[in-house]
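Read-outs throughout are calculated quantities, based only on the coordinates presented, and are distinct from any laboratory measurement. Here the structure is a predicted model, which is why all the values come from computation and not from measurement. No Cβ is skipped: glycine too gets one built from the backbone with ideal geometry, and neighbour counts run over all protein chains shown.
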Amino acid sequence: MPPLEIHERDAVLVLTLNRPESLNAFTVELHEQLRAALDDARRPEVRAVVVTGAGRAFCAGQDLEETQRQPTTSLSERLATSYNPTILALRALDKPVIAAVNGVAAGAGLSLALACDIRVASDAASFVPAFIAIGLVPDSGASWFAPQLVGYARAFEWLTSNRRLSAAEALEWGVVNEVTSAGDVLARAHERAAALAAQPGTGVGMTKRLLARAQDAALRDQLELERECQQAASEHPDHAERVAAFLAKQSAPPR
Ligand code: T3D
């Protein structure tokens with residue numbers, strides 16, 4: 001059984017972490033397949049990506065049994081060769097990535113969910129930092145994404161207490177965009193992905209780039225990047241088509 005299942009429908013690539021016996025915990029092989037799939041998602045036919053988990057969990061972070069089997073590999077090395085490249089590949093993809101959080105997201109599994117552009121959670125989902133429970137610190141971007149989403153004070157409390165947030169709490173804190181019933185989470189995430197796939201792709205991709213850069217850019221530099229992106233967007237045929245449709249009082253052209 002491959003650790004990652006891949007399906008494509010309506011220009012949406014659905015990536016299912018598929019190690020349900022360990023709550024879809026990360027192994028080196030799963031990282032490699034996820035990165036290969038994110039690379040494949042750069043094809044023009046793919047316009048959005050959904051990431052979800054098989055079985056009752058989204059992802060439980062690092063497979064702790066694999067860690068025991070490879071005691072000679074340092075955590076620093078595993079982060080450098082697996083986790084950091086995976087998170088960077090997801091963020092560098094100029095297409096929306098939606099997490100369909102079907103169950104528990106823990107440790108680097110939480111980081112993976114936080115790195116996505118949108119999170120749709122099942123009412124059975126929960127969000128557990130897990131790092132501090134085993135004496136580690138947040139990694140795979142959790143220390144970067146969490147304060148952006150929930151603010152410093154809540155992020156500090158959450159990441160140091162190992163508080164398990166329910167889906168309802170995650171919605172209230174702004175960690176997730178929407179909560180659905182358990183059976184609907186993947187369909188709803190797919191629906192959102194397909195809606196985004198129908199938007200002008202260049203505009204969506206550059207909006208993702210702009211928001212990511214805004215986290216650490218000075219206003220002057222951000223204004224410059226907006227200017228560059230706006231010029232590029234205005235030169236794309238999507239712009240002329242949409243303006244013409246607006247002026248003709250038509251709906252957007254079908255894709
Ligand atoms: O390489 C590096 O180390 C650096 C990178 C680090 C990044 C990290 O992600 S560090 C954090 C690693 N993850 C964890 O510490 C989470 C460990 N798991 C849990 O705390 C709990 O399992 C959960 C809170 C996620 C879920 O709890 P619950 O009660 O719903 O399920 P459970 O009964 O604990 O687990 C079910 C099964 O999944 C169980 O196996 P069994 O008894 O049915 O055979 C359990 O051992 C297995 N499992 C859960 N998490 C992991 C795992 N197996 C391997 N690795 C896991 N992370």
Looking at (1) in contact (Cβ under 8 Å) with a residue 60 or more places away in the chain; (2) within 21 Å of residue 133 (Cα to Cα); (3) among the β-branched types (Val, Ile, Thr), which is the one condition that is false for residue 67? (1)
When you check residue 226 against the structure, is it touching a strand residue (DSSP E or B) at 6+ places or on another chain (Cβ under 9 Å), more than 23 Å from residue 46 (Cα to Cα) and of a type in the set (Asp, Glu), yes or no? no
One residue is enough: does segment 173-181 have a residue meeting the conditions assigned to a helix (DSSP H, G or I) and either surrounded by fewer than 17 Cβ atoms within 10 Å (Cβ to Cβ) or of a type outside the set (Phe, Trp, Tyr) (or both)? no
Among residues of segment 6-37, those that are more than 21 Å from residue 81 (Cα to Cα), without any contact (Cβ under 8 Å) to a residue 40 or more places away in the chain and in a helix (DSSP H, G or I), counted: 2
In segment 65-80, the residues that are part of a helix (DSSP H, G or I) and either in contact with a Cys (Cβ under 9 Å, 6 or more places away or on another chain) or surrounded by 14 or more Cβ atoms within 10 Å (Cβ to Cβ) (or both): 66, 67, 78, 79
Given 142, 167, 121, which one is closer than 24 Å to residue 67 by Cβ and within 16 Å of the ligand (Cβ to nearest atom)? 142
So which residues in segment 28-58 are within 16 Å of the ligand (Cβ to nearest atom) and surrounded by fewer than 19 Cβ atoms within 10 Å (Cβ to Cβ)? 28, 29, 32, 35, 55, 56
Restricting the first residue to segment 89-116 and requiring it to be assigned to a helix (DSSP H, G or I), which pairs with a second residue that is of a type in the set (Ser, Thr, Tyr) meet a Cβ separation below 8 Å and a spacing of at least six or different chains? 108/83; 108/140; 111/83; 111/140; 112/86; 112/140; 115/140
In segment 88-113, what count of residues is obtained for those that are more than 20 Å from residue 11 (Cα to Cα), within 10 Å of the chain's Cα centre (by Cα) and surrounded by fewer than 23 Cβ atoms within 10 Å (Cβ to Cβ)? 0
Within segment 158-190, residues being within 11 Å of residue 99 (Cα to Cα) and aliphatic (A, V, I, L, M) number 4
Quick one: count up the residues across segment 119-153 that are assigned to a helix (DSSP H, G or I) and either in contact with a Leu (Cβ under 6 Å, 6 or more places away or on another chain) or of a type in the set (A, V, I, L, M) (or both). 9
Among the residues of segment 171-182, is there at least one that is more than 14 Å from the ligand (Cβ to nearest atom) and under 30 Å from residue 239 (Cβ atoms)? yes
Show the residue pairs meeting these rules: Cβ distance below 9 Å; 6+ apart or different chains; first residue within segment 139-154 and in contact (Cβ under 8 Å) with a residue 40 or more places away in the chain; second residue of a type in the set (D, E, K, R) and more than 16 Å from the ligand (Cβ to nearest atom). 141/91
